[in-house]
Amino acid sequence: MDLNLLPLLLAVAEERNFRAAADRLGVTRSAVSQGVRRLEDAVGLQLVMRTTRAVRLTEAGERLVDSLRAPLGAVQDALEVNTDAPSGRLRLAVTSIAEDFLAGPLLARFAQAHPKVTVDVTVTDDELDIVEHGYDAGVRLGEVIEQDMIAVPVSGLQTEVAAASPGYIAQHGTPDHPKDLLGHRCIGWRPGPNTAPRRWEFEEDGKPFDVMVDPQVTTNDLRLMLRVALAGGGITFAPRDCMRDHFDSGALVPLLEDYLPPFAGFYLYFPQRKHMAPKLRALVDHVRQWRFAS
């Protein structure tokens, strides 16, 4: 087997497109297609399903790619250690509610300081294994990060806040206690189509409790939640950082502030490695400097 064909398969798996894989590797689409076909001939199995509209891996292809990601990533990291400046593609999986990280300035300054690094950010709330899926690092709430990961704070403590528009409050009134939410129209969040809406968590006299609201509108899109709330559609519940601008402008009003417990904020996390790739080291240093400056 020609081992030089393995990165071709990995690129096809990540891009799901022969043309995009070819552009990424700096070769022709024909070279990628022929290389994958040679690899399939070598292993005696079909690895990629090709149609006029889509490219996807077969079960055998998925197994092979999963086994390749870790060792090829280690080789790439080892090669980058010998470069003078951070370079290469930095793949990040970031939760949609990490407002400080996704606001723009942090990544813009990083890109300006490291022009040889290309940053590929996937915004996702799926609880995925970043190593298995080929990401260099992720950004999530500290409470859901695996203990075997290294974590660097991106934000301080967070609070989730119930909020509604002045128009909704004028028409329906203000809840005095979290349990009063059961009598209000609510806008909820769920991570996926087959999961229940997330419970809204509060604290009273030092004791945590949650309220299982029955949202009239439910979504996995934070921005849609805010848009519906801004339009007077009901009470929503989200991290304060995501609503700060709307609070400052008066477009949304915070509610039930005496019942909001703080919790661990957002962290940049990545697996323990003997040699950290310069591109990831540069991001870690940048995040630490950003936090110190802010």
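With a ≥ b ≥ c taken as the square roots of the eigenvalues of the C-alpha gyration tensor of the range 1-69, please select rounded if a/c is under 1.5 and otherwise prolate if a/b is larger than b/c or oblate if it is not?
Details: a/c = 1.40, a/b = 1.18, b/c = 1.18.
Because its axes are fairly even, with a/c under 1.5, the range 1-69 counts as rounded.
Rounded, prolate or oblate for the range 160-255? Axes are the square roots of the Cα gyration tensor eigenvalues, ordered a ≥ b ≥ c, and the cut-off for rounded is a/c under 1.5.
rounded
Quick one: which residues, 5 or more positions from VAL123 or on another chain, have an amide H under 5 Å from its amide H? H modelled 1.01 Å from N in the peptide plane, none for Pro or chain starts.
HN-HN under 5 Å from VAL123: VAL94.
I'd like the Karplus ³J(HN,Hα) series for the range 160-176: coefficients 6.51, -1.76, 1.60, θ = phi - 60°, whole numbers in Hz, and an x wherever there's a Gly or Pro.
Going residue by residue, I get 9, 10, 7, 8, 8, 7, x, x, 5, 5, 4, 8, 10, x, 10, x, 8 Hz, with x marking Gly and Pro.
For LEU268, which sequence-distant residues (separation of 5 or more, or a different chain) have an amide H within less than 5 Å of its own amide H, given hydrogens modelled in the peptide plane?
Counting only residues 5 or more places away or on other chains, the set is VAL152, VAL154.
For LYS207, put the label point 7 Å out on the Cα→Cβ axis and report which residues of the range 153-191 keep their amide N under 17 Å from it.
The answer is 177-180.
Taking a temperature of 20 °C and a viscosity of 1.002 mPa s, what whole-number D in µm²/s does Stokes-Einstein yield for the chain with Rh from Kirkwood over alpha carbon pairs?
On the way: Rh = 21.8 Å.
Diffusion coefficient, whole number: 98 µm²/s.
Whose amide H sits under 5 Å from the amide H of THR58, counting only residues 5 or more places off or on another chain, with H placed in the peptide plane?
VAL48, MET49
Within the chain, what's the longest run with no trypsin sites (Lys or Arg not before Pro) in a DSSP loop and at most 15 other beta-carbon atoms within 10 Å? Give the range, please.
Values: sites that count: ARG16, ARG53, LYS116, ARG199, ARG273, LYS274.
With a cap of 15 other Cβ atoms within 10 Å, the longest stretch comes to 117-198.
Name the residue, out of LEU260, LEU25, LEU222, whose mean-square fluctuation peaks in a Gaussian network model built on the chain with Cα pairs under 10 Å.
The residue with the greatest mean-square fluctuation here is LEU25.
Give the lysines whose C-alpha is closer than 29 Å to that of LYS279, dropping any in the same chain fewer than 8 places away, or say none.
Output for LYS279: LYS116.
Between ARG63 and SER30, what is the label-point separation in nm under the 7 Å Cα-to-beta-carbon projection?
Taking the simple label geometry, SER30 and ARG63 are separated by 3.4 nm.
In square angstrom, what is the accessible area per residue of the chain with a 1.4 angstrom probe?
Values: 15720 Å² over 294 residues.
That works out to 53 Å² per residue.
Could you tell me how many degrees, from 0 to 90 and to the nearest 10, lie between the Cα long axis of helix 278-293 and the main elongation axis, the longest principal axis, of the Cα atoms of the chain?
20 degrees
Quick one: Karplus J couplings for the range 229-239, per residue in order, coefficients 6.51, -1.76, 1.60, θ = phi - 60°, nearest Hz, x for Gly and Pro?
So the Karplus estimates, Gly and Pro as x, are 5, 4, 7, x, x, x, 9, 10, 9, 7, x Hz.
Can you compute the helix-only [θ] at 222 nm over the chain? Use -39500 (n - 2.57) per DSSP H run of at least 4 residues, normalise by all residues, nearest 500 deg cm²/dmol. Provide the component values of the computation, followed by the final result.
Numbers: 10 runs with 111 residues, N = 294.
Only helices count here, giving -11500 deg cm²/dmol.
The values are calculated or read from the model by the stated rules, or taken from the named source; none is laboratory data. None of the values given here were measured: they were computed from a predicted structure. Neighbour counts run over all protein chains shown; Cβ positions are idealised from the backbone, glycine included. All accessible areas refer to the heavy atoms of the entire protein, side chains included, with ligands and DNA or RNA removed. Shrake-Rupley method; radii C 1.70, N 1.55, O 1.52, S 1.80 Å.
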